[in-house]
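After the structure tokens below, expect a handful of questions from me.
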Amino acid sequence: MQKLYAVLNNYAKEENSMRLTKKQMERLESLLSQMTTEEKIGQMNQVSSSIVGGFDIPMSELQEMIKDGRISREELEEMMDKAERDYHEEDIRAGLVGSIMGNDPKKANELQRIAMEESRLGIPLIIGFDVIHGLRSVYPISIAEAGSFDDALFEETAKMAAKESRAYGIGWNFAPMIDVARDARWGRVSEGPGEDPYLASRFARGKVRGLQNDQSEVGNYVAACVKHYIAYGACEGGKDYNTVAMSSSQLHNVYLPPFRAAMEEGAATVMAAFNDLNGIPCTVNQDMLRDTLKDKLGLRGFVVSDANAIRECITHGIASDNTDAGIKAVMAGMDMDMGSRIYLNELKGAVEKGLVPMSVIDEAVRRILAVKLWLGLFENPYVPESVISLYEKEIPAEHIALARKAAEESIVLLKNENNILPIKKTQKICLVGALAGKAEEVVGAWAMGWKVRDCVSILDGLKNAGADVVYYPCCGPEGEINDAQLSAACNEGDVIVAVVGETRAMSGEATSRTDISLPGKQREMLEKLLETGKPVVAVLMNGRPMAIKWESENVPAILEAWHLGIQMGNAVADVLFGSVNPSGKLVSSFPAHSGQCPMYYNHPNTGRPAGESKFTSKYVDAPIEALYPFGYGISYTKIKYDDISVTEQNDWLNVSVMLKNVGDTEGVEVVQLYMQDVTASLVRPVRELKGYQRIKLKPKEEKKVCFSLNKQEMGFYDNSGKYLLEDGLFRIFVGGNSKDTLMQEIMVSF
Ligand code: BGC
């Protein structure tokens, strides 16, 4: 307890982090002293509403029915919405529930009223929900938004999400997802900020600040829940939930940094990952939870398991039964059980038998109550009626504007042969691709709480922009080509815009794939469209990097538009017509072939770097380099880099470069700083991102861009978790992507 309060007190000095006042700490202690063992364990129990009695048809059959088209996804969602649900009111009344999931503000108020007025101690619930990239106002999926390299944007969109969450009764967002991910076969790459630990750390900081720091009103902030701790993104083969084995140095240098950054920013809670790490499931991993996260990194609030993960420790083969799983989890430092009810059913007995000390339970409860107190839930448990009716009507205009800005900044131009883009308003557009007309597809994976009436499809975006457009769906990621529509499409328009990619259901959880090329018959459709000889623009709408070698060789213009959220259509139209000059960059390398996964720019050096010679590290049937590397993205203007300079000054390296906009269009360039530690006591990456800036340049404008790199940030962790700064030769690179850079070497001593 002393330690926990030292943490909370210590941070109490910091502006805006999760902190408690002395009065709140006293209240916490007073509550704890009144709680029975059951009530304490109740706080550690998270539930979600369950459907009463189930459906007449089993869930597996319903899923089959969606697949073969007997019912639509919308019909299933409607059935789920209408089904009678059990919200565990009795358990709440008895003080046996600490948290519930949900996004219904009226229901939230009803349940809070039971907790506040009918439970013995009147402790409010903390209502959690997956608000990963927005709630009502959905902004781009994280892999897209991270590509804006805009820290202020990361923060602003999170702020918007926090406000909307509170308006729906949610005080706790299961976000940000900050898993570094380097294997595009893993469907969850969509949810996170890509393959680089430095960018992921800045993304994590922005998101935590946005969710938590505006504490001026209760309605403005929520508790962040950074996830999935730890190394979930390294699941073997990109297969979801799979095993993870890695060295301690890799863990510390690549997968931990975003979590370390989030802890420094004061993130209130953490969700443990499903996977095992070197044989120990994260759910019961004492070294990672209690020792590293809580003791070393100083987590202020609590840790929650992933859904049903405590029970899954039995399936992992690490626990013999529910009791064993519950004991192992709580002893490892897992404070809250998501969904398995194992804590509720098993922990009291374990405490009585002396298998779990009461001090362990008390610590968990202190952490949970601390977050509830900090959120102001005791004083403000309810969503005001006025706020509920506001959102029933519409989304605030400033949220829509921000969703549009975020979408615009996230678009990446991959190719623009013969300046096909931007399209002139006088040109007639033939729009094809089923994805282009489906408003509900713009939201992407892990979006819940949106309304289709708020979503702008690409078709609608073009119409809103006043385009002269005809539309033929022709073919989507699933199903056959509609030949009649395709031949009609081939005869229309001055320019063809083909929207291809993945449905929103194709990325996110449990969507790993072995083949990440364009799904279905979409390539065939592109072939036919190209045969017309008309200019063709491919707009990609997807949740993961795609292996698009053929497309990059054959389609003259390619725009990576990801799943951009509710304003997708307007943002895509802005870029297609050139009212917005694209500035987004890729945060995940695009391979030429699926078989090259995992592919990432910051790989360790080998003794035989890939080259002409056969006996080097490469595939004999694939290009050596990424099709489009990390950091890549072009625009409607051209930026020239010159005159790199690197000098050492005390604790800093001063790096500068001259940038010139040699085109006729104003543009924003994401200038990227990389380094390589040439000789070290451990093999180091060929390049590592160490800084970035968004620089706006008018036509013909020149600017000197300066970076100050703190030498303390040039080290690395060894295999005992020790941070080392080793003197020697470093290469410093600056450029507009991770491959095309200027370079200067410098000897550095620390
Ligand atoms: C996911 C988490 C999510 C949780 C609650 C799990 O299946 O892995 O990311 O927060 O469900 O919905």
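In segment 35-51, how many are buried (at least 20 other Cβ atoms within 10 Å of the Cβ) and either within 16 Å of the ligand (Cβ to nearest atom) or modelled with pLDDT under 95 (or both)?
Adding up the residues that qualify gives 3.
Which residue out of Phe615, Phe630 is in a loop (DSSP other than H, G, I, E, B), closer than 21 Å to Glu409 by Cα and at pLDDT 95 or above?
Matching residue, one of Phe615, Phe630: Phe630.
Right, another one. Mind listing whichever residues of segment 712-733 are open to solvent by less than 20 Å² (accessible area, probe 1.4 Å) and either more than 25 Å from Ser588 (Cα to Cα) or over 27 Å from the mean Cα position of the chain (by Cα) (or both)?
Scanning segment 712-733 gives Gly728, Phe730, Ile732, Phe733.
In segment 137-153, what residues are away from the ligand (no atom under 16 Å from the Cβ) and either over 30 Å from Lys393 (Cα atoms) or without any contact (Cβ under 8 Å) to a residue 60 or more places away in the chain (or both)?
Selection gives Ala146, Gly147, Ser148, Phe149, Asp150, Asp151, Ala152.
Still on this structure, I have one more. Whether any residue in segment 401-416 is within 15 Å of Arg504 (Cβ to Cβ), away from the ligand (no atom under 16 Å from the Cβ) and open to solvent by 30 Å² or more (accessible area, probe 1.4 Å) is what I want to check.
No, the conditions are met nowhere in segment 401-416.
Collect the residues in segment 154-184 that are under 20 Å from Ile230 (Cβ atoms) and more than 14 Å from the ligand (Cβ to nearest atom), keeping them in residue-number order.
Val180, Arg182, Asp183
What number of residues in segment 143-152 are open to solvent by 10 Å² or more (accessible area, probe 1.4 Å) and not in a loop (DSSP other than H, G, I, E, B)?
Residues in segment 143-152 being open to solvent by 10 Å² or more (accessible area, probe 1.4 Å) and not in a loop (DSSP other than H, G, I, E, B): 2 in total.
What is the number of the single condition among (1) closer than 30 Å to Val330 by Cβ; (2) within 30 Å of the chain's Cα centre (by Cα) that Thr37 does not meet?
Condition (2) is where Thr37 drops out.
List the number of the failed condition for Gly501; all other conditions in (1) within 16 Å of the ligand (Cβ to nearest atom); (2) touching a Pro at 6+ places or on another chain (Cβ under 7 Å) hold.
Unmet condition: (1).
Answer yes if at least one residue in segment 86-107 is of a type in the set (A, V, I, L, M, F, W, C) and under 20 Å from the mean Cα position of the chain (by Cα), and no otherwise.
yes
Could you tell me whether any residue of segment 595-611 is open to solvent by less than 20 Å² (accessible area, probe 1.4 Å), at pLDDT 95 or above, closer than 26 Å to Ala447 by Cβ and touching a strand residue (DSSP E or B) at 6+ places or on another chain (Cβ under 9 Å)?
Within segment 595-611, none of the residues are open to solvent by less than 20 Å² (accessible area, probe 1.4 Å), at pLDDT 95 or above, closer than 26 Å to Ala447 by Cβ and touching a strand residue (DSSP E or B) at 6+ places or on another chain (Cβ under 9 Å).
Quick test for you: out of Gly349, Gly339, Gly333, pick the one residue that is small (Gly, Ala, Ser) and touching a Leu at 6+ places or on another chain (Cβ under 7 Å).
The conditions single out Gly333.
Same structure again: Could you tell me whether Met80 is at pLDDT below 95 and within 16 Å of the ligand (Cβ to nearest atom)?
yes
State all residues of segment 189-223 that are open to solvent by less than 10 Å² (accessible area, probe 1.4 Å) and in a loop (DSSP other than H, G, I, E, B); if no residue qualifies, say none.
Within segment 189-223, Gly192, Pro193, Gly194, Glu195, Asp196, Val222 meet the criteria.
I would also like to ask the following. Select from segment 543-560 the residues that are assigned to a loop (DSSP other than H, G, I, E, B) and either closer than 22 Å to Gln485 by Cβ or open to solvent by 10 Å² or more (accessible area, probe 1.4 Å) (or both) and list them in ascending order.
Val555, Pro556
Right, here's the next one. What do you reckon, is Gly349 surrounded by fewer than 24 Cβ atoms within 10 Å (Cβ to Cβ) and within 16 Å of the ligand (Cβ to nearest atom)?
no
So in segment 224-246, with the set limited to residues that are away from the ligand (no atom under 14 Å from the Cβ) and in a helix (DSSP H, G or I), which one is most open to solvent (accessible area, probe 1.4 Å)?
Here the answer is Glu236.
I'd like to verify a number: residues in segment 86-135 that are within 16 Å of the ligand (Cβ to nearest atom) and open to solvent by 30 Å² or more (accessible area, probe 1.4 Å), how many?
Counting residues in segment 86-135 that are within 16 Å of the ligand (Cβ to nearest atom) and open to solvent by 30 Å² or more (accessible area, probe 1.4 Å) gives 3.
When Met448 is evaluated against the numbered criteria (1) modelled with pLDDT of 95 or more; (2) not in a helix (DSSP H, G or I), which criterion, by number, is the only one it fails?
With (1) modelled with pLDDT of 95 or more; (2) not in a helix (DSSP H, G or I) applied to Met448, the lone miss is (1).
Quick one: in segment 247-281, of everything that is open to solvent by 10 Å² or more (accessible area, probe 1.4 Å), assigned to a loop (DSSP other than H, G, I, E, B) and more than 26 Å from Pro604 (Cβ to Cβ), which residue is modelled with the highest pLDDT?
Phe274
Which one of the conditions (1) within 16 Å of the ligand (Cβ to nearest atom); (2) in contact with a strand residue (DSSP E or B) (Cβ under 8 Å, 6 or more places away or on another chain) does Arg311 fail to meet, given that it meets all the rest?
Looking at each condition in turn, Arg311 falls short on (2).
Given the options Val304, Val365, name the one that is touching a residue at least 24 places away in the same chain (Cβ under 8 Å), aliphatic (A, V, I, L, M) and more than 16 Å from the ligand (Cβ to nearest atom).
Val365
When segment 491-538 is examined, which residues are found to be free of Cβ contacts under 8 Å to residues at least 60 places away in the same chain, touching a Ser or Thr at 6+ places or on another chain (Cβ under 9 Å) and in a helix (DSSP H, G or I)?
Arg523, Lys528
Determine whether Pro140 is outside any helix (DSSP H, G or I) and under 23 Å from Val670 (Cα atoms).
Yes.
Same structure again: Does Gly667 qualify as being in contact with a Ser or Thr (Cβ under 9 Å, 6 or more places away or on another chain), free of Cβ contacts under 8 Å to residues at least 40 places away in the same chain and farther than 27 Å from Ala610 by Cβ?
No.
Using the structure shown, decide if Val442 is in a helix (DSSP H, G or I), of a type in the set (Val, Ile, Thr), within 16 Å of Gly565 (Cβ to Cβ) and at pLDDT 95 or above.
The answer is yes for Val442.
Does Lys428 meet the test of being surrounded by fewer than 20 Cβ atoms within 10 Å (Cβ to Cβ), among the basic types (Lys, Arg), touching a Gly at 6+ places or on another chain (Cβ under 6 Å) and modelled with pLDDT of 95 or more?
Spelling it out, Lys428 is indeed surrounded by fewer than 20 Cβ atoms within 10 Å (Cβ to Cβ), among the basic types (Lys, Arg), touching a Gly at 6+ places or on another chain (Cβ under 6 Å) and modelled with pLDDT of 95 or more.
Can you find, within segment 734-748, the residue that is surrounded by the fewest Cβ atoms within 10 Å (Cβ to Cβ) among those that are out of contact with any strand residue (DSSP E or B) (no Cβ under 6 Å at 6 or more places or on another chain) and charged (D, E, K, R)?
Of everything passing the filter in segment 734-748, Asp740 is surrounded by the fewest Cβ atoms within 10 Å (Cβ to Cβ).
The values are calculated or read from the model by the stated rules, or taken from the named source; none is laboratory data. Treat the numbers as computed from the prediction; the structure is a model and nothing was measured. Ideal geometry is used to build each Cβ from the backbone, glycine not excepted, and the neighbour counts take in all protein chains shown. Each accessible area value is taken on the protein alone, full model and side chains, heavy atoms only, with ligands, DNA and RNA left out. Shrake-Rupley method; radii C 1.70, N 1.55, O 1.52, S 1.80 Å.
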